[in-house]
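Nothing in this text is a laboratory measurement; each read-out follows from the coordinates by a stated rule. These numbers were taken from a predicted model, which means no experiment stands behind them. Methodologically, a virtual Cβ is constructed for each residue, glycine included, from the backbone with ideal geometry; neighbour enumeration extends over all protein chains shown.
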Number of protein chains: 2
Amino acid sequence: MDWLDLFDINLSLADERTPLYRRIVDAISGAIESGKLKAGDKLPTNRELASKLKIDRSTASRAYDELSSRGLIKSHVGRGTFVESAAIKVTAPNPVSYAAMPVRSGAIDWQNRYSSYASELYSLMEKQPRLTQGGDVINFAAGIPARHSYPQEEFVDIMQELIKSSGESSLFEFSPASGEPALRAAVIKHLEKRQVIVRDSELMILSGSQQGIDLMSNLFLNTHDLVVTENPTYFWAISNFKARQADIVGCSLDDEGIRLDELESALMSGRVKFIYLMPSGQNPTGITMSFERRKAVLALARRFATPIFEDDFSGDLFYDGEPLPPLRAISADASEHVIYQGTFSKALAPGIRLGWLVAPPPVIERLNFAKRGADLSTNSMAQAMLTEFLRRGSYDRHLARINATYTLRRDAMLSALAQYFAGTGVTFTRPKGGLFLWLKLPDYMSARNLLTFAQRAGVSFSPGDLCYVSEPDASTIRLSFIQNDQDTIKEGVKRLYNAYKLYLAELEDKAPKQTYGATAEHVLI
Amino acid sequence: MDWLDLFDINLSLADERTPLYRRIVDAISGAIESGKLKAGDKLPTNRELASKLKIDRSTASRAYDELSSRGLIKSHVGRGTFVESAAIKVTAPNPVSYAAMPVRSGAIDWQNRYSSYASELYSLMEKQPRLTQGGDVINFAAGIPARHSYPQEEFVDIMQELIKSSGESSLFEFSPASGEPALRAAVIKHLEKRQVIVRDSELMILSGSQQGIDLMSNLFLNTHDLVVTENPTYFWAISNFKARQADIVGCSLDDEGIRLDELESALMSGRVKFIYLMPSGQNPTGITMSFERRKAVLALARRFATPIFEDDFSGDLFYDGEPLPPLRAISADASEHVIYQGTFSKALAPGIRLGWLVAPPPVIERLNFAKRGADLSTNSMAQAMLTEFLRRGSYDRHLARINATYTLRRDAMLSALAQYFAGTGVTFTRPKGGLFLWLKLPDYMSARNLLTFAQRAGVSFSPGDLCYVSEPDASTIRLSFIQNDQDTIKEGVKRLYNAYKLYLAELEDKAPKQTYGATAEHVLI
């Protein structure tokens, strides 16, 4: 190995004021710049380098780290360390001097410029089905309340009041990254009603809870980090975690929530960054975790010293008596283990884009930095409006009203499903809260194929496959029961059943043919 | 090297239906799972592995790639390839089975959980100076307009009108990720006045233009990707690019904008993802790029087929006649090369959090996916209000008003600086637009040290060092001239000069002592 001849590292004669590792960095980057070392050339191991130069191995290692962090060299698994690219002095004083390289003139090749984040996200988005909008199609797909459920009149009243007194208000001013102090105080009061006790330093306001998922991904996830989730889970959580190149371990659910045996197995690895859970009205299954399960999940998180990221996106929508306490409220020390978020998009109005997140103060400090990097701060006018809505007690009255309505709608959907799909082998969950129920077709059926028939019959839904972390069950369906009134729900379920029958007929039509001759084979192609 | 004895790779007897590389993967991951191979154990190079097992090197390489992508092994620069962690089957069917590992019970070690994004951002944020707020301190630091410059009365009027007609409006509904169609149309009309011709498929609405920087970072930046910027540049652009582990090449500015020689050198590498520029009222220097320089920069971008990310954050604030066309409007094909964004935060009100971004349609499509991942969509009420404000022509009237005011304020600051700092060696830029001017102290002075004196004297500013990509000039200062009226500006500059004199006196007080005896040495410690 005479690669050392390629360039001069005359260490004994070098300027004594420059640290040794820095002289090695300069020598190697100089050799790359001058073309003596080229992209793809192999470098010695740091052990070899140290022995050749008669220097300490940690010095060689430090030099390689520096060259690597500058992007000049790169190690490849099982092969060794190589020159990565032409030298670029990213920290060079101006004017920067580069080795001349061939010019690529003309149109921009966008396709090859995107990051791994963009590619991963795109490949997930491409799989989304196209839903028919409007017309006579009854929408069971969307995870948002119906327009006329918004407390629009009271919003208007509040806006007028704010406007009258807006001389000194901050309706249009810049809001702190962590949110308006008055809104933070109002959210803290609201959370007390859910038994969640929060200090101001533990809380931040979000531009909707999707932002919480994004900030948490930014703050914790490096490539190949592990996240544990329920499986199936929220599509936009899967996509954020995967776009950050994290690996997801999905644990299945039973009637009481995430399965403990699977969760324990997943935590055994000891390298889970966080556990993402929706204990109430889980998206997409509608399952609400039982009290016993909540205690056990928290105990597991404590035992494995692993944080829980609790997404209580629909915690304010509950239909069978009082809601269970969130994980964050299960025990006194849960504040150390649980990062807790919620939103006003589901129970109030999606257009206001407001949510909150609760975490230990040092985590909140960092999330606020990430929030500034993401959008600096949240719309001030919406924050002022919500503050007043909470202060008046209007949110509680609104919840009482819509929870009564949604209970009837849930019951209407459950009884229509029971009526139409009796004896078909179709099963479904019975949600205690939230927006969704989860329907399972017979294994041989595809929800996406059913969707084609359904849209023709005038009803739409979300196929469940995209909610799976891996190995999707293609015969699952997410139905939203809050968006339509009871009669529309009954009509929608009827259409769904008609579509089901047509799809079944097509399957049966095809099935016998598969065993007979050329025609059937043609069908199979 | 007898590591092969650790586990069985009996390749000749193995199941022939399993690919060779897969059998190696299984053998090594099995050895890790069973504890025969432990985290930190060194693996052979793939050349050594291939020779031992008498297999093809590409097979060994493929096996290592698979193990690496599962996070089981990792190569370290100059050292070789090592077992990274206990085996985890991330794609295992349920129930997942893991090897039992020791339990780490107790408190969560947050510090060691953060991502590289979080660490990088935190280290940048920690360097921010703490500014005295309120009281009698005159604020030259903040990059936002003064409260009473907001067209609050008209906003109120619009809100009342919207409220009256809100029966069918979408004030509180979910908005499309790309923004309300009516607002998109109004922004397109506004951009026409700046000679920027945009189709609807090329435009998206942002929750403020900071979000544009974040989405662009997500969409294009992988670790060690290169971004070219002006140097100095916007702190929250530097922080976003660096937090995504990108490398930044900063090019200095002269009176006409970014230096062409440095930009050309930077582009020579051929691996620049995009060039981030603020051609009008650059932050922090206040420099507006000349028309000739704009043409030349665009020609360079075209020659090197490299996109420009043009941040026209203060393009609506201009004080010397008509504004220059943005890069996006310089030539017909600029639409292929320039991604163009702007904001209503600077000229209108920061609390409404609304901006826009223009890009070729395939890029917009992907940015909209990233936008959904970030916050799903933007506040609907603010969009409705801005739509009406633009539709009425109120924004143009507002701009005429504030641009007249800000011209006077700029002139007041320039003449006060010229008056007080004559003969001091302090220099400053003369902005044609935007919010800022850039002041340079003599080299031996530190802006942060001056800030201490300044805050005591009742004036604050932003030290310029954080705006540098690398090797900061610690004797630079950013002053905002739009936030205070003319008298306050004069008083603020006077206070700044008083602080400057006190700081200078302290320096001169220390300077002679440095040459004399023990006391001086003590001071130097």
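Some notes on this structure:
- With a 10 Å cut-off around each Cβ of B:152-160, the average count of Cβ atoms from other chains is 4.
- Folded to 0 to 90 degrees: helix A:447-457 orientation relative to chain A principal axis, Cα: 50
- The stretch A:225-319 - Rg over Rh from alpha carbon coordinates, Kirkwood radius: 0.94
- Sorted from closest to farthest, the other copies place their B:SER116 label points 0.9 nm away, with each point set 7 Å from Cα along Cα→Cβ.
- Shielding value for A:338-351 is 2, the average number of Cβ atoms from other chains within 10 Å of each residue's Cβ.
- Here r is the Cβ-Cβ distance between B:ARG57 and B:ASP261 and R0 is 41 Å; the resulting FRET efficiency, rounded to 0.05, is 0.35.
- Residues of type aspartates and glutamates that A:LYS38 reaches as a straight line, Cα spacing below 14 Å, ignoring anything fewer than 8 places off in the same chain: A:GLU84
- Relative contact order %, chain A, counting alpha carbon pairs below 8 Å whose residues are six or more apart: 16
- Burial ranking of peptide ranges A:238-249, B:57-68 (average Cβ count within 10 Å, highest at the top): A:238-249, B:57-68
- Karplus-derived 3J(HN,Hα) values for the stretch A:236-244, using 6.51 cos²θ - 1.76 cosθ + 1.60 with θ = phi - 60°, are 6, 7, 3, 5, 5, 5, 5, 4, 7 Hz; glycine and proline are entered as x.
- Ranked by the mean number of other Cβ atoms within 10 Å of their residues, highest first, the peptides A:45-51, A:433-439, B:318-324 fall in the order A:433-439, A:45-51, B:318-324.
- A simple rule links phi to the HN-Hα coupling: the Karplus curve 6.51 cos²θ - 1.76 cosθ + 1.60 with θ = phi - 60°, which for the stretch B:437-444 gives 10, 10, 10, 10, 7, x, 3, 7 Hz, with x for Gly and Pro.
- Remark: mean inter-chain Cβ contacts per residue of A:117-125 equal 5, using a 10 Å Cβ-Cβ cutoff to other protein chain atoms.
- Note on the protein assembly as shown: dipole from Cβ charges, positive end direction compared against B:ALA329, B:TYR234, A:ILE55; the farthest Cα belongs to A:ILE55.
- Candidates per trypsin sites (Lys or Arg not before Pro) in the stretch B:335-401, loop by DSSP, up to 16 other Cβ within 10 Å: B:ARG392
- With its label point defined 7 Å out from Cα along the Cα-to-Cβ axis, B:ARG303 lies at 6.7 nm from the matching points of the other copies, in increasing order.
- Amide H partners (placed H, <5 Å) of B:ILE308, local residues excluded: B:ILE275, B:VAL338, B:ILE339
- Shown for B:TYR340, B:TYR406, A:TYR503: other C-beta atoms within 10 Å of each C-beta, ranked fewest to most, produce the order A:TYR503, B:TYR406, B:TYR340.
- Rounded Å value of the spacing that divides the Cα centres of the stretch A:273-304 and the stretch B:225-275: 46
- Label-point distances for A:ARG47 to the equivalent site in the other copies, using a point 7 angstrom along Cα→C-beta, read 1.4 nm when ranked shortest first.
- Cleavage-rule hits (chymotrypsin sites (Phe, Trp or Tyr not before Pro)) in the stretch A:440-471: DSSP loop, at most 15 neighbouring Cβ within 10 angstrom: A:TYR444
- Per-residue 3J(HN,Hα) values for the stretch B:491-505, derived from phi via the Karplus relation 6.51 cos²θ - 1.76 cosθ + 1.60 with θ = phi - 60°, read 5, x, 5, 4, 4, 4, 5, 4, 4, 4, 5, 5, 5, 4, 4 Hz in sequence order (x marks Gly and Pro).
- Between 0 and 90 degrees, the angle of helix B:152-164 with respect to the longest Cα principal axis of chain B falls at about 60 degrees.
- Separation in nanometres of the label points that stand 7 Å from Cα toward Cβ, at B:SER252 and A:SER470: 5.4
- Amide H partners (placed H, <5 Å) of A:VAL249, local residues excluded: A:VAL227, A:VAL228, A:THR229
- Here the residues A:LYS432, B:LYS42, ranked from fewest to most Cβ neighbours within 10 Å of their Cβ, fall in the order B:LYS42, A:LYS432.
- Between A:ALA422 and A:ASN449, the FRET efficiency estimated from the beta carbon spacing at R0 = 22 angstrom works out to 0.50.
- Amide H within-cut-off set for A:VAL459, under 5 Å, with H built and near neighbours excluded: A:ILE138
- Taking label points 7 Å from Cα along the Cα-to-Cβ direction, A:ASP109 and A:GLU153 give a separation of 6.3 nm.
- Spin-label model, B:SER201 to A:ASN403: label points 7 Å out along the Cα-to-beta-carbon direction sit 4.8 nm apart.
- The GluC sites (Glu not before Pro) found in the stretch B:219-282 include none that occupy coil by DSSP while having at most 14 further C-beta atoms within 10 Å.
- Computed Kirkwood radius, in angstrom, where 1/r is averaged over Cα pairs of the protein assembly as shown: 31.6
- For the residue pairs A:LYS36/B:LYS242; A:LYS440/A:LYS494; A:LYS193/B:LYS164; A:LYS42/B:LYS42; B:LYS440/B:LYS490, alpha carbon separations beyond 23 Å are given by A:LYS36/B:LYS242; A:LYS193/B:LYS164.
- Once the Cβ-Cβ distance of A:GLU322 and B:LYS127 is raised to the sixth power relative to R0 = 51 Å, the FRET efficiency obtained is 0.55.
- Ranked by how many other beta carbons lie within 10 Å on average, peptides A:284-290, A:119-125 from highest: A:284-290, A:119-125
- Aspartates and glutamates whose Cα lies under 17 Å from that of A:LYS189, excluding same-chain neighbours fewer than 8 positions away: A:GLU180, A:ASP200, A:GLU202, A:ASP312, A:ASP316, A:GLU388, A:ASP396
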